[in-house]
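Worksheet: the structure to be examined is printed underneath.
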Amino acid sequence: MIREALSWAAVAGGLAVVALNFDEIRAFNQALLGITPPAAENDGTAPPQSSARSGFAGLFRSAPAAVESPRQTASPSGFAVELKSDRRGHFEAEAEVNGRNISALVDTGASMVVLTYDDAERSGIFVKPSDFTVTSRTANGTARNAPVTLDELCIESVCVRNVQAMVAEEGRLHVSLLGMTYLGRLSRFEVRSGTLVLEE
C-alpha cells in the first residue's frame, strides 16, 4: 500500500515538473526533431525577430558601380560639365569633333587644339603633305602641323563652333589635345579639388 502511494506521488511530481517546464521541453523536442516553430505574433511588447536570410541577402546584394563619367549640369549661361582627373592628374574626355567621337586630353597649358592624324581622319578632316606648314617645338624636337578649322567641338553639351586647330603629322602625337582655342571660347573653366569645370 505504501509502495503504491509512493509510486503515485512520483508520477504526480513528474507531471508537475513537466507542467512547469512545458515550453522549454517543447522547444527542446522541436529543435531535436528539426521542427520550425510557428512565428509568434508581435503584440507590441517584444521586438520583431530579424531574419538571417534577409541579412545574408543584404550582404550579397550588389552595390551600384561608381561611374566616373562627366557630370553635366545647367549653368546660368548654358551648360556645364565636370571632369574628374585620373591617377596621373590628367583630364580625359570623350569629345565630339564634327559629329564624330574621339578620346582626348583637356590641356589648359596648350595654346591650340591639336588632333592626332588618325583622329582628324576619323572626324572627316583629310590633309595633304603640303598642308603641314606650321612648325612647333616639342619635347621630341620640331614638329610640323596642318592648320584646320573644326566645324564644332563638344564635350557633352559644352560646344564651340569654328574652332581653330592643328593636325599633327602621322605618328607624332598619340592623343589629341584640347587647348585654349577651345577652352578660351568658353564662358568659364577652372580646376578645383581635382575637378575641371567647363561652362558654356
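The values are calculated or read from the model by the stated rules, or taken from the named source; none is laboratory data. Here the structure is a predicted model, which is why all the values come from computation and not from measurement. Note that each Cβ is placed from the backbone with ideal geometry, even for glycine, and that neighbours are counted across all protein chains shown.
For the stretch 97-116, the candidate set comprises residues that are under 12 Å from Val175 (Cβ atoms) and not small (Gly, Ala, Ser); within that set, the residue that is modelled with the lowest pLDDT is Asp107. Summed over the stretch 98-115, the residues that are aliphatic (A, V, I, L, M) and closer than 18 Å to Arg137 by Cα give a count of 5.
The rows are residues; the columns are (1) surrounded by fewer than 16 Cβ atoms within 10 Å (Cβ to Cβ); (2) in contact (Cβ under 8 Å) with a residue 24 or more places away in the chain.
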residue: Val81; (1), (2): no, yes
residue: Arg88; (1), (2): yes, no
residue: Glu92; (1), (2): no, no
residue: Ser103; (1), (2): yes, yes
residue: Ser111; (1), (2): yes, yes
residue: Thr116; (1), (2): no, yes
residue: Asp119; (1), (2): no, yes
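Matching residues to (1) outside any helix (DSSP H, G or I); (2) assigned by TED's automatic domain parsing to the domain that holds Ala93; (3) without any contact (Cβ under 8 Å) to a residue 40 or more places away in the chain; (4) crowded, with 17+ Cβ neighbours inside 10 Å:
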{"residue": "Ala143", "(1), (2), (3), (4)": "yes, yes, yes, yes"}
{"residue": "Leu150", "(1), (2), (3), (4)": "yes, yes, no, yes"}
{"residue": "Cys159", "(1), (2), (3), (4)": "yes, yes, no, yes"}
{"residue": "Val167", "(1), (2), (3), (4)": "yes, yes, no, yes"}
{"residue": "Glu170", "(1), (2), (3), (4)": "yes, yes, no, no"}
{"residue": "Leu173", "(1), (2), (3), (4)": "yes, yes, no, yes"}
{"residue": "Leu177", "(1), (2), (3), (4)": "yes, yes, no, yes"}
